[in-house]
1. Between residue 56 and residue 22, what is the FRET efficiency for a Förster distance of 35 Å, r being their Cβ-Cβ separation, to the nearest 0.05?
2. May I ask you to list the GluC sites (Glu not before Pro) in the stretch 7-60 that are in a DSSP loop and have at most 11 other Cβ atoms within 10 Å of their Cβ?
Amino acid sequence: MFDEEIKKPKGHEVGMSIDAMSVEELAERIGLLEAEIARLKAAIEVRDATRKAAESAFKL
């Protein structure tokens with residue numbers, strides 16, 4: 001019956017078309033991206049702490 005049903009992308013891709021997305025879908029994408037930004041910032045903090053610890057361990 002709906003052979004030509006529109007398939008929604010499973011995840012967000014940078015630069016993807018957002019023209020056909022509803023306000024709700026856009027808000028959901030923003031939430032996903034904000035969560036990903038928080039995850040990346042946390043990873044940066046962990047790596048910085050590791051680097052600082054290594055630097056202090058090797059100071060003479």
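All of the numbers you see were taken from the coordinates with simple rules; none came from a lab. On a predicted model such as this, the values are computed, not experimentally measured, just so you know. When we count neighbours, we look across all protein chains shown, and the Cβ atoms used for this are built from the backbone with ideal geometry, even at glycine.
1. Plugging the Cβ-Cβ distance into 1/(1 + (r/R0)^6) gives 0.10.
2. Those that pass, being in a loop and sparsely packed, are 13.
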